[in-house]
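Student: Have a look at the structure that comes next, please.
The values are calculated or read from the model by the stated rules, or taken from the named source; none is laboratory data. The model shown is predicted, which means the values in this text are computed figures rather than measured ones. Positions of Cβ are generated from backbone atoms using ideal geometry, with glycine treated the same way; all protein chains shown enter the neighbour counts.
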Amino acid sequence: MTDEKFPGWHGTTIIGVRKGGRVVVAGDGQVSLGQTVIKGTARKVRRLSPGGREVVAGFAGSTADAFTLLERLEKKLEAAPGQLARACVELAKDWRMDKYLRNLEAMLIVTDGADLYVITGAGDVLEPEHDVTAIGSGGNYALAAARALMDSEHDAETIARKAMAIAADICVYTNGNLTVESISK
């Protein structure tokens, strides 16, 4: 994908950290259009409650596309209650195969407190090896910082916050205005 087609890749950092029986998903609040900051207080991390079971999701990419995907994920979770992996795989299949959905430009981090996944439009449902995952323009910075902190005494939320602060200091498309959601097994 080229920046001309999809400038939204430069506009967010989302991290998921699993430690001590908790999963924390944190995202910054900056929305950029090219080199201009349009908004600094966006909420890119949300709680979903399909069928009464909570799931936390964070998104990077086009906001409208991400909301479309979150709605589809909720429907998949309602059809397969308590089966996050199945719902994610079904969403990824639809995303890859559906003529309309395959044009959506976003990525998701989702968790139910036990499992942690990244879902992409390429049909991927990825589970992190080291209990940390990150997406968006500052994702690699946040991922590296969190991985370095995983052996510390810090809990999942502290690691996520520290990693996001490092990403915000490095990535011009990431700010320090965080939305943080935590969920337990």
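Student: Regarding Lys44, is this residue among the basic types (Lys, Arg), at pLDDT 90 or above and touching a strand residue (DSSP E or B) at 6+ places or on another chain (Cβ under 8 Å)?
Tutor: So Lys44 fits the description; yes.
Student: I've got another one for you. Output the residues belonging to segment 59-110 that are in a helix (DSSP H, G or I), surrounded by fewer than 22 Cβ atoms within 10 Å (Cβ to Cβ) and either under 14 Å from the mean Cα position of the chain (by Cα) or touching a residue at least 40 places away in the same chain (Cβ under 8 Å) (or both).
Tutor: Across segment 59-110, the qualifying residues are Thr63, Asp65, Phe67, Leu70, Ala85.
Student: Which members of segment 126-141 meet the condition of being more than 18 Å from Val45 (Cα to Cα) and crowded, with 20+ Cβ neighbours inside 10 Å?
Tutor: Tyr141
Student: To continue, here is another question. Tell me, which residue of segment 130-185 that is in a loop (DSSP other than H, G, I, E, B) and among the β-branched types (Val, Ile, Thr) is farthest from Thr111 (Cα to Cα)?
Tutor: Val172
Student: Go through Gly11, Gly16, Gly29 for me and flag whichever is in a loop (DSSP other than H, G, I, E, B), touching a Ser or Thr at 6+ places or on another chain (Cβ under 6 Å), modelled with pLDDT of 90 or more and closer than 19 Å to Ser137 by Cα.
Tutor: Gly29
Student: Exactly one of these conditions fails for Val56: (1) exposed (fewer than 15 other Cβ atoms within 10 Å of the Cβ); (2) modelled with pLDDT of 90 or more; (3) not in a helix (DSSP H, G or I). Give me its number.
Tutor: The failed condition is (1).
Student: Restricting the search to segment 32-53, which residues are in a loop (DSSP other than H, G, I, E, B) and in contact with a helix residue (DSSP H, G or I) (Cβ under 9 Å, 6 or more places away or on another chain)?
Tutor: Gly34, Ala42, Lys44, Ser49, Arg53
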